[in-house]
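Notes to accompany the following structure.
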Amino acid sequence: MLKTPLNKISSRVVLTLLICMFVPLHICAQEESSSETSNKSYPSDSAQAWLVKMSDAVKSLNYTISFILLKPGVDSQPYLWRHGVNEDGLEMEQLNLLNGPGREVVRIGDKVSYFEPNVPPYSLQSSIINGPFPSEFFQLPEKLMLSYEFILVGRSRIAGRAAQQIRIISKDKSRFGLNVWLDQETGLLLKMNMFGQEAQLLEQIQVTGLQVTKDPDPFFEKIEPGMLPEVISFGPSAPLNSKWSIGYIPKGMTIIKRDLRRLAVSGEVVEYIMLSDGLVDVSVYLQEKENNKPQENLVGTVQSDTLLTIEHGELNITVIGKLPAATANAIAKSIQRIN
């Protein structure tokens, strides 16, 4: 398979990157049931115990965190993340991208409001903010133990604070690995490195400042919940009767969404499938070939994501996600028509 830089990838493939510009035709989300976190107790010096401590801290403490997201080929992205719990036990959260025109997300309970340039403000019903951090890693880290090994490595110093390092490796070697450093005092995340199969650094989140306080940040007192945008409600969706099945899915991954989407520029319709294990999301696009038009098989990278497109049987398939090219290829080549 030919390795190709992004600027030589076909326009058809680049269009599939415009995920936010797709217009859904109908949605059939296959959500995993949200199982409760196990009450099993772990030895205090185990990686599992540290992850439970992290999860509890993220949801219960009042904190302000400054961090930087580093990806290859783009400028560093500085963020401000605030979290608070008021006297009534209501969680409040803010995530603010500090460079450029900015992007701000505010969560009050299960209402998440988005403020972005050139887009009218809107709200969604959700208990999490979608940001650079994998939310399920914070919310239900024990679910990830089905597909990942968690190894306690040692202690070091990050952002001026004592930290415990944990290495995360996929059990079937089908995904990239992670190194995370948790604050020894609170359990909050201080640093996260994603590394490739050759141990090269692919992506980094580095905390530059952490402040934990008794009371929520005064920022939350200024928010008037009644002034936030109304929640967008989506009507019931018809099930998608797909003609295609995926024969190979990495251990611990499931299909969490499946729908048809229209490319905003070309108007072409593709079938979209999202796979996730809670740490990694993988997007798969299926388009039936027309007029036997050949498509070049390509593999490249977009920042820290692998982008693979192949012609397979009756389909043109594109796979995008933070996973090795060999895994993306195995997923694509396992797709077959349902008999």
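Things worth noting here:
- For the stretch 244-337, the solvent-accessible area with a 1.4 angstrom probe is 38 square angstrom per residue.
- Placing R0 at 25 angstrom, the Cβ-Cβ distance between Lys173 and Gln303 gives a FRET efficiency of 0.65 after rounding to 0.05.
- Per residue, in Å², the accessible surface of the stretch 87-206 once ligands and nucleic acids are set aside, probe 1.4 Å: 46
- 222 nm mean residue ellipticity, helices alone, for the chain (DSSP H n ≥ 4; -39,500 (n - 2.57); rounded to 500): -3000 deg cm²/dmol
- Global form of the stretch 49-161, assessed from the alpha-carbon gyration tensor, a/c cut-off 1.5: oblate
- Share of carbon and sulfur in the accessible area of the stretch 244-337 stands at 45%, probe radius 1.4 Å.
- Exceeding the 21 Å Cα-Cα cut-off - candidates Lys251/Lys322; Lys173/Lys322; Lys59/Lys251; Lys173/Lys333; Lys191/Lys251: Lys59/Lys251; Lys191/Lys251
- Placing +1 on each Lys and Arg Cβ and -1 on each Asp and Glu Cβ, with no other charges, gives the stretch 244-337 a dipole about its Cα centre of roughly 180 debye.
- Per-selection Rg to Rh, the chain - Cα, Kirkwood hydrodynamic radius: 0.96
- Pair-distance distribution of the stretch 190-249: all C-alpha pairs, bin width 5 Å, starting at 0; shares per bin in whole percent are 4, 9, 8, 8, 9, 10, 14, 16, 13, 9, 2.
- Cβ crowding within 10 Å averaged over residues, with 110-120, 249-259 ranked highest first: 249-259, 110-120
The values are calculated or read from the model by the stated rules, or taken from the named source; none is laboratory data. Source: prediction; values computed, not measured. Backbone-built Cβ (ideal geometry, glycine too); neighbour counts: all protein chains shown. Ligands, DNA and RNA are excluded from the accessible area calculation, which covers all protein heavy atoms including side chains. Shrake-Rupley method; radii C 1.70, N 1.55, O 1.52, S 1.80 Å.
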